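Heads up: the structure comes next, in structure tokens.
The values are calculated or read from the model by the stated rules, or taken from the named source; none is laboratory data. Note that the structure is predicted; figures quoted are calculated from it, not measured. Because the Cβ atoms are built from the backbone with ideal geometry, glycine has one as well, and the counts that use them run over all protein chains shown. Ligands, DNA and RNA are stripped out before the accessible areas are found, and what is left, the full protein with its side chains, is counted by its heavy atoms. Shrake-Rupley method; radii C 1.70, N 1.55, O 1.52, S 1.80 Å.
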Amino acid sequence: MIYRLLFGLLLTLCLQTTAAQAGPMERAELEGYIVPPFSLGDPLNDNGVWSLLNSGGAEAGYVFETEPLAPLPGFSGAAINVLVMLDLDGRFMDARLINHNEPIFVSGLGEAPFHRFFEQYAGLSISSSMVVGSPYGGGSGASSLVYLDGVTKATASVRIAHESIMAATLAVAREKMQGLAARSSAAPDPDYDETLTWQDLVDQGIATHHVVSNAEVDAQFAGTLWADDDPDGRADPDGAYLDLWLVDIGPPSIARAALSSDTFDELQAFLRISPEAEPILLIERARHGLVSEDFVRNTSPDLILAQQDGLPIALRDADILVELAADVPDGTALILRTDRRLGFDPTSEWVLQLQAQRSHGMFQPEIGAVTLEVPHATDARFFHRPDEVSITPPWLDAIRNRQGDLIVLGGFLTLLVGGLALAQSPLAGLAAFTPLRLTVLAFVTGFIGWWGQGQLSIVTVLASLRTLVEGASFAYLLYDPFSLLVWGVALVGLILWGRGFFCGWLCPFGALQEFMHHIGQALRLPQVEPSAPWDRRLKRVKYVLLAGLVATVFIAPDHVDTVAEVEPFKTAITVFFVRDWYYVVYAAFWLGLALVTFKGFCRYVCPLGAFMALGGVLRGRDWIPRRVDCGSPCQLCKVRCKYGAIERSGDVTYSECFQCLDCVTIHDDPAQCVPLILARRQAERRQAAE
């Protein structure tokens, strides 16, 4: 009956609710965000883009909100709305958080880290290559790749925020700032094949050769503090300071002429993994050496920059050990890579910039540098130009960033589902089944919960409900592929076993409670269990709480994250108890209760458990074996069931079953199952009578 009432309530609310996307702020409200000497000008379109005026009344840039232009939903189902101020050159003047409902910031980590994240945008250009994360290695910062510091335990949320800002900003740039939008870039033509030698590359200008003498470098330092700080160069003014060969080896025909067969094969394998990368071969035969002593492989080179059309090109070491073809000049060889999706066009002239550095002084020396420029372009016959630039979707970046974790998680889930589906009875019959189960639960708590941040929450269910009603996109779920994989397998488990698979095997907080129960038993604490009537009454509480949370989505959506704090998951798993004291006390209460009352939160309060129980109607089979004698006369399984999921009749209430397999162990054990014991004794008496 309670299932029907809940589904009826949900259906009624869905039918009666109409979604309305938040519109842009009114002028009076928006003016409160503009700091003098700037002021708000006129609206430029219906999507909340306004002109920004300087103190003289001239146009200085643009002001807009991200939500009307790029309403990407966050994990609450609501968009993250950011106010962006952009100057006429496409440089961020300010990025300021207006509103959001991201659960991890609302009552977990607090608002301060989220606000600090947006402070990083000021001064950055939309033409820069911005990445949420941390750079590898310890280069000196010469690369144009810009790293935005993320927020620990909130990477998915800040990634969504960053994508919202960039999507909205590029929309404004395409409409108001001609020329700043990314153009269609040429890519190596896979169908073009030409037999070339190294000499052909030189003769046709495909390989650029650039030599700079010591005297030329010395002339650039003339009149500076470092003018006399290269005695080796002054001793040999005509000698080469830089003797550089530069070749774009993206086209296979060119790469084959420049590289040995082994290095060519390694490069092609790399390009199959990173098809948008454009590899650049550098060969240096003089003093410059390409990189400093502090250079770390697979990082941005610290002495090398590049530009095209006045905009920076992000370069990074491809981490390929280079062996050159037999007729190629020998020297220090390095393969760098850039990303064509960021606007790099190998057929248009671009400039490689190498820093020539000198140091002055013995103690705490001062470093000076001049730039040596090498222009280069590759003949267009090796390339084709697609109609559109293929941009890697953010969800794919999220998957790549967690590839290792996803492989481990996928392997674990495959073993778990396969073991329970194909070997349930043998597993339950193992003498070491309890240690094995606790090992699995330890992995779930440590890897899936604390490390992987894969604790599922009712917040995701409510956000999905809100997204469904509003007709918005579910793409935000892809920003956390780790949790999404857990969700996918949990839903498969609903069909195969009902609620028990997730609640019994995949919930980190549920696993913590089970460990607390075992600790309570080891300490010989008295166990406190409600009577059967009270057990039935208390089990209804979680459905009432679920109904209240669903109603909140429609009646007071801004308070969903507050009422969802009925789950202690965020405190115990997501932020590992680093939170305001009252949240910690609340989570500790449920874990402390588990010492004397078996998984009280899971059985009586958990709204996610209620959702899983309702979803258990999808279960296609009764997977717990039963006999005619179960319930009458045998009551052993009922007595032993710590969840109270077995009726006096012997029937299993699957909505309350947590798949501990204790009843399966009893059912299959001739030394425990009463019907089997009685049958054995009858057989023994018959044999004795004969």
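Amide H to amide H, which residues 5 or more places from residue 49 or on other chains are under 5 Å from it, using H placed in the peptide plane?
Distant-sequence amide H within range of residue 49: 44.
Can you give me the accessible area per residue for the chain, using a 1.4 Å probe, in Å²?
Values: 31860 Å² over 690 residues.
With all protein chains present, the chain gives 46 Å² per residue.
Could you size up the charge dipole of segment 527-650 around its Cα centre, putting +1 on the beta carbon of Lys and Arg and -1 on that of Asp and Glu, and report it in debye to the nearest 20?
Details: 17 positive and 10 negative charges, 140 e Å.
Its charge dipole is roughly 680 debye.
Taking all protein chains in place and a 1.4 Å probe, what share, in percent, of the accessible surface of the chain do carbon and sulfur account for? Could the numbers behind the result be given before it?
Numbers: 18140 of 31860 Å².
Here it works out to 57 percent.
Can you give me the distance in nm between label points at residue 369 and residue 468, each placed 7 Å from the Cα along the Cα-to-Cβ direction?
5.5
Could you let me know the centre-to-centre spacing of segment 346-362 and segment 42-72, using Cα atoms, in angstrom?
Cα centroid to Cα centroid, the span is 38 Å.
Putting +1 on Lys and Arg Cβ atoms and -1 on Asp and Glu Cβ atoms, find which of 573, 458, 545 reaches farthest to the positive end of the dipole of the chain.
545
Under a 5 Å amide H to amide H cut-off, with H placed in plane at 1.01 Å, what residues pair with residue 148 once short-range neighbours are removed?
131, 132, 133
Per Stokes-Einstein, at 20 °C and 1.002 mPa s, what whole-number D in µm² s⁻¹ belongs to segment 561-616, with the Kirkwood radius over Cα pairs as the hydrodynamic radius?
Approximately 180 µm²/s, per Stokes-Einstein.
What base-10 log of the normalised intensity I(q)/I(0) is obtained for segment 378-530 from the Debye formula, alpha carbons as equal point scatterers, at q = 0.14, 0.20 Å⁻¹?
-0.83, -1.35
Rounded to the nearest 0.05, what FRET efficiency do residue 536 and residue 33 have when you use their Cβ-Cβ distance and R0 = 60 Å? Provide the component values of the computation, followed by the final result.
Numbers: r = 55 Å, r/R0 = 0.91.
Efficiency, rounded to the nearest 0.05: 0.65.
What is the ratio of the Cα radius of gyration of the chain to 2.2 N^0.38 Å, with N the residue count, to two decimals? List each step's numbers first, then the result.
On the way: Rg = 32.7 Å, N = 690, 2.2 N^0.38 = 26.4 Å.
Normalised Cα radius of gyration, the chain: 1.24.
Can you work out the Karplus-derived ³J(HN,Hα) for every residue in segment 517-533? Use 6.51 cos²θ - 1.76 cosθ + 1.60 with θ = phi - 60°, whole Hz, and x for glycine or proline.
After applying 6.51 cos²θ - 1.76 cosθ + 1.60, I find 4, 5, 5, x, 5, 5, 7, 6, 6, x, 8, 10, 10, x, 5, 4, x Hz.
Taking θ = phi - 60°, what integer Hz values does the Karplus form 6.51 cos²θ - 1.76 cosθ + 1.60 yield along segment 599-605, in sequence order, with x for Gly and Pro?
Rounded to whole hertz, the list is 6, x, 5, 4, 6, 10, 10.
Which order do the peptides 533-540, 636-643, 518-525 come out in when sorted by mean C-beta neighbours inside 10 angstrom, highest first? Write down the numbers at each step before the final one.
Details: 533-540: 13.6, 636-643: 17.6, 518-525: 11.9.
The densest-packed peptide leads the list: 636-643, 533-540, 518-525.
Once the principal axes of the Cα atoms of segment 569-687 are found, what is the range along each, listed largest first in whole angstroms?
70, 31, 20
How large is ³J(HN,Hα) for each residue in segment 84-89, as worked out from phi by the Karplus curve 6.51 cos²θ - 1.76 cosθ + 1.60 (θ = phi - 60°), to whole Hz, x for Gly and Pro?
10, 10, 10, 7, 6, 9
Please list 486-494, 663-671 highest first by mean number of surrounding beta-carbon atoms within 10 Å per residue. Let's see the in-between values first.
Numbers: 486-494: 19.6, 663-671: 17.3.
Going by the mean number of other Cβ atoms within 10 Å, highest first, we get 486-494, 663-671.
Provide the gained length on full extension for the span residue 224 to residue 238, in nm with one decimal, where the gain is 0.36 nm per separating residue minus the Cα-Cα distance. Walk me through the numbers before you get to the answer.
Numbers: separation 14, 0.36 × 14 = 5.04 nm, distance 2.11 nm.
Contour length minus Cα-Cα distance gives 2.9 nm.
Hey, rough spin-label estimate for residue 87 and residue 362, points 7 angstrom out along Cα→Cβ, what's it come to in nanometres?
Each label point lies 7 Å from its Cα, and together they span 4.4 nm.
Report the extension gain between residue 430 and residue 380 in nm, rounded to one decimal, defined as 0.36 nm multiplied by the number of residues separating them, less their alpha carbon distance. Don't jump to the answer; show the numbers that get you there.
Details: separation 50, 0.36 × 50 = 18.00 nm, distance 6.77 nm.
Length difference between fully extended and current span is 11.2 nm.
Can you compute the helix-only [θ] at 222 nm over the chain? Use -39500 (n - 2.57) per DSSP H run of at least 4 residues, normalise by all residues, nearest 500 deg cm²/dmol.
Working: 27 runs with 266 residues, N = 690.
Roughly -11500 deg cm²/dmol at 222 nm, from the helical runs in the chain.
I'd like the Kirkwood hydrodynamic radius of segment 393-454, using the inverse of the mean 1/r over distinct C-alpha pairs, in Å.
Numbers: mean 1/r = 0.0757 Å⁻¹.
Taking the inverse mean of 1/r over all distinct Cα pairs, segment 393-454 comes out at 13.2 Å.
Work out, step by step, the length gained on full extension between residue 401 and residue 576: first 0.36 nm times the residue separation, then minus their alpha carbon distance; give nm to one decimal.
Full-extension gain reported as 60.7 nm.
What FRET efficiency comes out for residue 209 versus residue 54 if R0 is 41 angstrom and r is the Cβ-Cβ distance? Round to the nearest 0.05.
Details: r = 48 Å, r/R0 = 1.18.
Approximately 0.25, to the nearest 0.05.
How tilted is helix 403-422 with respect to the longest principal axis of the chain? Cα atoms for both, answer in degrees (0 to 90, nearest 10).
Taking Cα atoms only, the helix is inclined about 20 degrees.
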